[in-house]
Every structure is written in structure tokens, then in C-alpha cells.
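No lab work stands behind these numbers, since they all come straight from the coordinates. Here the structure is a predicted model, which is why all the values come from computation and not from measurement. Counting neighbours? That spans all protein chains shown, and the Cβs are built from the backbone with ideal geometry, glycine included.
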């Protein structure tokens with residue numbers, strides 16, 4: 001004979017095993033994730049020009065004069081965001 005009012009049983013699914021590399025504190029820190037999303041280390045030419053607010057010709061002149069260093073990956077040029085900020089600070093009156 002079956003019990004008339006059985007108590008509900010709660011079962012939890014088995015815990016999933018972690019695959020891949022273990023997570024580090026930097027991986028889980030929301031502040032470091034937000035900082036990485038806000039300010040990347042390298043930016044492309046278009047983004048740098050928008051930040052500095054100058055024309056293509058002026059941008060290329062700054063690069064040719066050595067005032068702004070580019071890092072190439074294939075045919076695309078990238079610039080350190082810190083260098084772009086430093087250029088703005090140096091040219092501010």
C-alpha cells in the first residue's frame with residue numbers, strides 16, 4: 001500500500017565539473033571587467049582620430065614625426081590608448 005501523503009523530496013542536480021583553466025580573481029572581479037570594457041589597451045586609427053578630433057592628414061603627420069607610435073598587425077595600425085591620452089595632455093594649452 002502507498003502512503004497517503006508522502007513528503008515531497010527535493011533533489012539537486014549533481015554539480016558540474018569545471019573544464020578548462022581554473023578561474024582567477026582577475027577573471028571574476030567586476031571592476032576589472034568594467035575597466036577593460038571602458039578602455040582597451042590598443043585602439044585603431046579611426047577611434048584614435050575620433051578621440052583626438054583631428055583630420056587624417058594631421059594624424060599621419062603626427063605618426064610620421066614620431067609623436068604617436070603605431071603598432072601594426074597585418075595591414076591595420078593600432079595605437080596605445082595611453083599614448084593617445086598623453087598626446088592630448090601634451091598639446092593642451
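Scanning the range 70-93 for residues being loosely packed, with under 10 Cβ neighbours inside 10 Å and touching a strand residue (DSSP E or B) at 6+ places or on another chain (Cβ under 8 Å) gives a total of 1. The residues of the range 58-87 that are touching a helix residue (DSSP H, G or I) at 6+ places or on another chain (Cβ under 6 Å) and part of a helix (DSSP H, G or I), listed by number, are 59, 84.
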